[in-house]
1. Counting other C-beta atoms within 10 Å, which of Glu124, Glu110 has the fewest, and how do the rest follow?
2. If each residue of separation counts as 0.36 nm, what is the full-extension length gain between Leu106 and Asn121 once their alpha-carbon separation is subtracted?
3. Where does each of Ile130, Ile125 land when they are ranked from fewest to most other beta-carbon atoms within 10 angstrom?
4. Starting from the Cα-Cα distance between Asn81 and Lys8, subtract it from 0.36 nm times their residue separation and give me the gain in nm to one decimal.
5. Expressed as a fraction of 2.2 N^0.38 Å, the rule-of-thumb size for a compact globular protein of N residues, what is the C-alpha radius of gyration of the range 82-142?
6. Using a basic spin-label model with each label point 7 Å from the Cα along Cα→Cβ, how many nm lie between Ala67 and Ala140?
Amino acid sequence: TPTDVKIKLSFDYPKTYDGQQYISISAKFSDFEPGWDDNAELVRVEIPKQKVPTVSPATAATVGTAASSAQAATAATLGANIAMSGAMSQVWGMINGLQIIVNFPLLQIEFPDLSGMMVGNLIEIATFDIMPAEDVMNAAVKLPEEDRDEDNFT
């Protein structure tokens, strides 16, 4: 006569099982008779996935917002790089022109009075003559009068 075996499984937290793999449960029976294979697997049940990955609408909206923000930031960076490369090429062109103007006195080119004054002003700007170099050097290196020991070196 056939015998039915019913196995009922209940889990305390069924949603904590991994949603990527099936969980296998196997049943082995033994009747302690000679010749019976105790390792024989008579019943094998695979429990289907229990963990259902659900994404809430709020999470989906947040991910969409983050993706659009990242795309906007990338576009802004690209635009800024293009604008800055153009601006920097203009700056380097001006610096190269100023370097040529700075070397005009070495070529001993005679300019009219007004042009000579403008070239002189451009040279001061290009060489960053904001403060008088001699006064700064004298103030930085010159010792005060009372600390001099010139009598020892005369």
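Every number here is computed from the coordinates shown, using simple stated rules; none is lab data. Quick caveat: nothing in here was measured; it's all calculated off a predicted structure. Backbone-built Cβ (ideal geometry, glycine too); neighbour counts: all protein chains shown.
1. Glu110, Glu124
2. Details: separation 15, 0.36 × 15 = 5.40 nm, distance 1.61 nm.
That works out to 3.8 nm of additional length.
3. Ile130, Ile125
4. So the chain would gain 19.7 nm between Asn81 and Lys8.
5. Ratio of Rg to 2.2 N^0.38 Å for the range 82-142: 1.49.
6. Between Ala67 and Ala140, the simple spin-label model gives 5.8 nm.
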